[in-house]
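Take a look at the structure set out below.
Just so it is clear, none of the values below were taken in a lab; they were calculated from the coordinates. Everything numeric in this text was worked out from a predicted model, so none of it was measured. Please note: Cβ atoms are built from the backbone with ideal geometry, for glycine as well, and neighbour counts cover all protein chains shown.
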Amino acid sequence: DTAVSQTPKYLVTQMGNDKSIKCEQNLGHDTMYWYKQDSKKFLKIMFSYNNKELIINETVPNRFSPKSPDKAHLNLHINSLELGDSAVYFCASSPNRVSSEQFFGPGTRLTVL
Amino acid sequence: DQQVKQNSPSLSVQEGRISILNCDYTNSMFDYFLWYKKYPAEGPTFLISISSIKDKNEDGRFTVFLNKSAKHLSLHIVPSQPGDSAVYFCAASASGTGNQFYFGTGTSLTVIP
């Protein structure tokens, strides 16, 4: 049973394209997150949703748009991909928005050529 | 602006000995800390946590120590086992920030059989 799943696992695309990464959690959690891990292994939060409501929106380009159709899903859409977007993107969830452990998906490695 | 730092990128320890992983933070508002373990091609998995009202938390072979005055925490693994070989991330958050965690860049632990 996969708790937090992401698709695709690998994504290779050309600059300028638009792509989406999907995330689903079957843990019944209220809160979901997107993180970016860059080439320096720095894991940085991008967005957080609580019950489909955006609660954390760090300084990321507006080419990145999260969408939460329901509390079990948080998708990440990226427009006009750039070379610097190449990274591993992790989705995570937690029971609620109060300090608690987060459960991570396996990551999506995005390579922009 | 890296608020959580792990200054040792790697650590090698003999099996059976103690592993000590260190983490420093700069934000005095942080009051909840987590350690995550990450294997290659997988997402981070939660290991142990500590609240700022404690200075020590123990779970089996894993103990986390918190020194608030020094803004320092450490993870002790005793005894170390080859299966502990992984990258360890520390993360910190402040109450009221919607579970927004700041991660360090990780320490790669190798336990030598």
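Rounded to the nearest 5, what is the percent of antiparallel bridges among the DSSP beta bridges in the protein assembly as shown?
Within the protein assembly as shown, antiparallel bridges account for around 90 percent of the total.
If the reach is capped at under 16 angstrom between alpha carbons, list the aspartates and glutamates near residue A:52, excluding any in the same chain fewer than eight residues apart.
Result set, ordered by chain and number: A:24, A:30, A:70.
Once you wrap a convex hull around the alpha carbon atoms of the stretch A:3-113, what is its projected area averaged over all directions, in nm²?
6.2 nm²
Over 10 Å intervals from 0, what percent of Cα-Cα pairs in the protein assembly as shown sits in each interval?
The calculated distribution, bin by bin, is 8, 33, 35, 19, 4, 0.
Between residue B:74 and residue B:5, what length comes free when the chain is fully extended (0.36 nm per residue of separation minus the Cα-Cα distance, one decimal in nm)?
Between residue B:74 and residue B:5, full extension yields an extra 23.7 nm.
Do me a favour and compute the ellipsoid semi-axes for the stretch A:1-62 from its Cα gyration tensor, root of five times each eigenvalue, largest one first, whole Å.
Computed over the stretch A:1-62, the values are 21, 17, 13 Å.
Given the pairs A:44/B:54; A:41/B:37; A:40/B:54; A:22/B:5, which span a C-alpha to C-alpha distance of over 23 angstrom in this model?
Listed pairs above 23 Å: A:44/B:54; A:40/B:54; A:22/B:5.
Let me know the charge dipole size of the protein assembly as shown about its Cα centre in debye, to the nearest 20, where only the beta-carbon of Lys, Arg (+1) and Asp, Glu (-1) is charged.
220 debye
Given R₀ = 22 Å, what would the calculated FRET efficiency be for residue B:57 paired with residue B:28, taking r from the Cβ atoms and rounding to 0.05?
Between residue B:57 and residue B:28 the formula returns 0.65.
Which whole number of Å³ per residue matches the convex hull of the alpha-carbon atoms in chain B?
100 Å³
Counting other C-beta atoms within 10 Å, which of A:10, B:36 has the fewest, and how do the rest follow?
A:10, B:36
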